[in-house]
Amino acid sequence: MTTPDEARAELLARIRTSDQPQTVLRSPELRELADNIKDLQPEERSGAGKALNELKQELLRAIDERQAELDEAGTAPIDVTAPWDVNSKRPDLLPTETGTRHPIATELERVVDIFTRMGFDAHESRQLDDDWNMFGALNFPEGHPARDGYDTFRTEEGFIPPAHTSTMQNRVLKAGKAKLEAGGQIASISYGRVFRNEDVDVTHEHTFYQVEGVFVSKDASLAQMLGVLQSLFETYFGQKLKIKTQPAYFPFVEPGLEFLIEKPAQLGGKGGDWLEVLGCGMIHPNVLLAADIDPTEYRGFAWGGMGDRMIMLKYGIEDIRHLESGKLAFLRKFA
């Protein structure tokens with residue numbers, strides 16, 4: 001076990017010869033001294049803690065002195081992020097650049113704002129979840145082939161980076177059950193990042209964003225759902241739009257539909273051009289039962305989609321991979 005005096009002598013010597021003296025504060029000797037305090041008798045802990053704090057202060061003074069020596073000698077560690085060459089003189093006026101919002105953040109906020117003005121609650125989805133919320137609560141039985149369409153990653157502990165924001169649905173339904181029983185309704189959206197085991201190309205990415213919505217009441221209907229979604233896209237694109245649906249299969253809704261809008265003029269659309277924008281339908285009775293909601297008394301509708309592809313369409317982005325790339329040349333287009 002290292003004694004305080006031994007640690008002091010060793011750390012001070014290390015600081016005096018180091019090109020990065022501040023790293024001494026993360027040394028195992030200091031961690032060991034801090035960990036040892038809990039093993040002392042109660043009457044000894046106060047004195048040991050005081051001595052450790054005094055040692056840290058002494059080390060900080062020594063680090064400042066060593067850093068000053070390095071700066072004066074011109075041998076300070078190289079900052080690889082500095083916007084000038086290591087052999088060039090440091091400019092008197094450093095270049096600055098004002099940051100801007102990422103297009104994903106801008107558009108998600110716009111969609112959330114539209115829904116909250118309609119009366120929906122908004123929740124950010126989780127980025128790590130379990131099999132029950134990913135599949136079980138959404139009417140995906142164990143071994144069901146429909147799970148293959150939501151192929152995703154798993155941790156060694158069995159947790160799942162969600163493949164859709166619908167992982168929040170069971171939680172939203174359970175949290176809103178009291179509202180239903182009090183004569184109200186559940187109206188909520190969940191938004192966030194999702195993950196798929198995809199072959200990445202210009203239109204497919206392993207990481208992207210979705211928005212999902214849930215509405216439950218005693219008389220929820222497809223007509224209400226279509227009205228909500230049409231209002232969303234007309235507000236989002238700022239023009240009147242025709243809509244249509246076509247049958248689709250999703251385990252958590254029955255009937256399931258694909259929702260299409262007439263391609264907006266700002267995207268170069270003309271009569272007869274249609275865009276599939278999301279999946280939707282009436283919530284399956286099994287999903288309501290999983291949240292302890294009686295499907296003979298209540299019914300609801302849900303939808304999920306939008307996200308990155310809508311942003312690509314709106315801004316004419318040719319490659320979905322740009323959105324997660326962090327490339328400044330791309331991001332400066334939205335400055």
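The values are calculated or read from the model by the stated rules, or taken from the named source; none is laboratory data. What you see is a predicted model, and the numbers here were worked out from it, not measured in a lab. With ideal geometry, Cβ positions are generated from the backbone for all residues, glycine too; neighbour counts draw on all protein chains shown.
Can you tell me which of ALA163, ALA187 is assigned to a loop (DSSP other than H, G, I, E, B) and over 20 Å from LEU275 (Cβ atoms)?
On the way: ALA187 fails: assigned to a loop (DSSP other than H, G, I, E, B).
Exactly one residue qualifies, and that residue is ALA163.
Every residue, every condition in (1) within 24 Å of PRO103 (Cβ to Cβ); (2) modelled with pLDDT of 95 or more, yes or no:
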{"residue": "ASN197", "(1), (2)": "no, no"}
{"residue": "THR203", "(1), (2)": "yes, no"}
{"residue": "VAL228", "(1), (2)": "no, yes"}
{"residue": "TYR249", "(1), (2)": "no, no"}
{"residue": "GLY269", "(1), (2)": "yes, no"}
{"residue": "GLY272", "(1), (2)": "no, no"}
{"residue": "GLU276", "(1), (2)": "yes, no"}
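Looking only at segment 251-280, count every residue that is closer than 26 Å to SER217 by Cβ and in contact (Cβ under 8 Å) with a residue 40 or more places away in the chain and tell me the total.
First pass over segment 251-280, keeping only residues closer than 26 Å to SER217 by Cβ: 251-261, 277-280.
Adding the requirement that they be in contact (Cβ under 8 Å) with a residue 40 or more places away in the chain leaves 251-253, 259, 277-278, 280.
Matching residues across segment 251-280 total 7.
For segment 213-327, give me every one of the helices (runs of 4 or more DSSP H) that falls completely inside it and has 2 or more residues that are more than 28 Å from MET134 (Cβ to Cβ), out of contact with any Gly (no Cβ under 9 Å at 6 or more places or on another chain) and not small (Gly, Ala, Ser). Give the derivation first.
Numbers: elements: 222-237, 285-290, 308-315, 322-325.
Answer list for segment 213-327: 222-237, 308-315.
Within segment 161-181, is there a residue that is acidic (Asp, Glu) and either within 14 Å of the chain's Cα centre (by Cα) or farther than 29 Å from PHE330 by Cβ (or both)?
Applying the first criterion (acidic (Asp, Glu)) to segment 161-181 yields 181.
Adding the requirement that they be either within 14 Å of the chain's Cα centre (by Cα) or farther than 29 Å from PHE330 by Cβ (or both) leaves 181.
Yes; the residues of segment 161-181 include at least one that is acidic (Asp, Glu) and either within 14 Å of the chain's Cα centre (by Cα) or farther than 29 Å from PHE330 by Cβ (or both).
This table checks each residue for (1) surrounded by 20 or more Cβ atoms within 10 Å (Cβ to Cβ); (2) within 21 Å of ALA122 (Cα to Cα); (3) of a type in the set (A, V, I, L, M, F, W, C).
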| site | (1), (2), (3) |
| --- | --- |
| PRO162 | yes, yes, no |
| THR167 | yes, yes, no |
| VAL172 | yes, yes, yes |
| ILE186 | yes, yes, yes |
| ASN197 | no, no, no |
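Within the set of pairs 6 or more residues apart or between chains, which connect a residue that is hydroxyl-bearing (Ser, Thr, Tyr) inside segment 152-165 to a residue that is surrounded by fewer than 13 Cβ atoms within 10 Å (Cβ to Cβ) and at pLDDT below 85 with Cβ atoms less than 9 Å apart?
What qualifies is THR152/ASN197.
Out of all the residues in segment 295-335, which are out of contact with any Ser or Thr (no Cβ under 7 Å at 6 or more places or on another chain) and acidic (Asp, Glu)?
The answer is GLU297, ASP308, GLU318, ASP319.
Select from segment 192-212 the residues that are of a type in the set (A, V, I, L, M, F, W, C) and either in a strand (DSSP E or B) or outside the structural domain of ASP294 (by TED's automatic domain parsing) (or both) and list them in ascending order. Working first, answer last.
Taking segment 192-212 first, the residues of a type in the set (A, V, I, L, M, F, W, C) are 194-195, 200, 202, 208, 211.
VAL194, PHE195, PHE208, VAL211 - these are the residues of segment 192-212 that are of a type in the set (A, V, I, L, M, F, W, C) and either in a strand (DSSP E or B) or outside the structural domain of ASP294 (by TED's automatic domain parsing) (or both).
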